[in-house]
Ligand code: ADP
Ligand code: MG
């Protein structure tokens, strides 16, 4: 990857749209010389006006974590034109975890545990690099190829991530993220840091096991109040009857309202639900 953005983007030809987010459209792109396929995040400069630092930050973070872990998307190249910024990533052809959950309805407990263990391994790596992701959710978790293999789940979208020195554990205060996955301390504006990623992993785990998210409410205000109060249930019973107490206790730990009492990524990996050698569970405890 060049240290300075190149200004010649015509080395790539863009194709179909793979997905889109708040500021970006991600397109399939072929590197003309090599015939290699990539995913190209096209960011409109006008839309980002005044927020260019967000892209610079995303690139800086990706430079730190990309290529360092098998479950984090790799940034290959970046360049700009008069109108757009382009970030070129390894192409993930397996789609978003979000679509995989929707297609399956819900994951079996064993599959969920395997997936959560793999993602948490990458979260621990990110945290060890001094970075907090802040936008972990199934739309930002991609399968490298099809059929979707657990070992090939990739953390993407470092657009909201921050470098977080250990000396300043909870220094971030801006309210950002995706409401259903945001930790109580983000709404409370009491300062936040790495524990917000563990909370989001709790929401993701709940979603995998149940097929729906824990804090879904009629209005955003009610959703926020439920999050701040940690008000969620393992209900309706029909969705939870096959889920073990060990899995529930894992979700409960990640969804601890007080960030100081919430496990770290390392501690989460040591929880019996993830730490157990095969089989993780046999029957409901
Ligand atoms: P935003 O910051 O706008 O949310 P993302 O980086 O999350 O942008 O990308 C938006 C969507 O594009 C993702 O949710 C995903 O569907 C798709 N996408 C992103 N990166 C890749 C990739 N490397 N391979 C395939 N699809 C991708
Ligand atoms: Mg995204």
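Every condition in (1) touching a helix residue (DSSP H, G or I) at 6+ places or on another chain (Cβ under 8 Å); (2) under 30 Å from residue 214 (Cα atoms); (3) in contact (Cβ under 8 Å) with a residue 60 or more places away in the chain holds for residue 80 except the one numbered (2).
Every residue, every condition in (1) touching a strand residue (DSSP E or B) at 6+ places or on another chain (Cβ under 8 Å); (2) within 19 Å of residue 135 (Cβ to Cβ); (3) in a helix (DSSP H, G or I), yes or no:
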{"site": "186", "(1), (2), (3)": "yes, yes, yes"}
{"site": "199", "(1), (2), (3)": "no, yes, yes"}
{"site": "205", "(1), (2), (3)": "no, yes, yes"}
{"site": "209", "(1), (2), (3)": "no, no, yes"}
{"site": "222", "(1), (2), (3)": "no, no, yes"}
{"site": "225", "(1), (2), (3)": "no, no, yes"}
{"site": "228", "(1), (2), (3)": "no, no, yes"}
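Considering only residues in segment 161-170 that are in contact (Cβ under 8 Å) with a residue 40 or more places away in the chain and within 14 Å of residue 65 (Cβ to Cβ), the one that is surrounded by the most Cβ atoms within 10 Å (Cβ to Cβ) turns out to be 161. It is to be established whether one or more residues within segment 156-163 are within 15 Å of ligand 2 (Cβ to nearest atom), farther than 19 Å from residue 191 by Cα and outside any loop (DSSP other than H, G, I, E, B). The answer is no, given that none of the residues of segment 156-163 is within 15 Å of ligand 2 (Cβ to nearest atom), farther than 19 Å from residue 191 by Cα and outside any loop (DSSP other than H, G, I, E, B). Please state which of the following conditions residue 87 fails to meet, knowing it meets all the rest: (1) modelled with pLDDT of 90 or more; (2) within 17 Å of the chain's Cα centre (by Cα). So residue 87 meets the others, but not (2). Number of residues in segment 6-36 that are surrounded by 14 or more Cβ atoms within 10 Å (Cβ to Cβ) and either more than 16 Å from ligand 2 (Cβ to nearest atom) or farther than 23 Å from residue 145 by Cα (or both) equals 10.
Of the listed requirements (1) surrounded by 15 or more Cβ atoms within 10 Å (Cβ to Cβ); (2) more than 15 Å from the chain's Cα centre (by Cα); (3) under 21 Å from residue 152 (Cα atoms), residue 59 misses just one: (3). Residues that are out of contact with any strand residue (DSSP E or B) (no Cβ under 8 Å at 6 or more places or on another chain), over 26 Å from residue 229 (Cα atoms) and buried (at least 17 other Cβ atoms within 10 Å of the Cβ) are absent from segment 189-196. Taken as a whole, the condition of being in contact (Cβ under 8 Å) with a residue 12 or more places away in the chain and away from ligand 2 (no atom under 15 Å from the Cβ) applies to residue 151.
The values are calculated or read from the model by the stated rules, or taken from the named source; none is laboratory data. Nothing here was measured: the structure is a model prediction, and the numbers come from that model. Quick reminder, even Gly has a Cβ in these numbers, built from the backbone with ideal geometry, and neighbours come from all protein chains shown.
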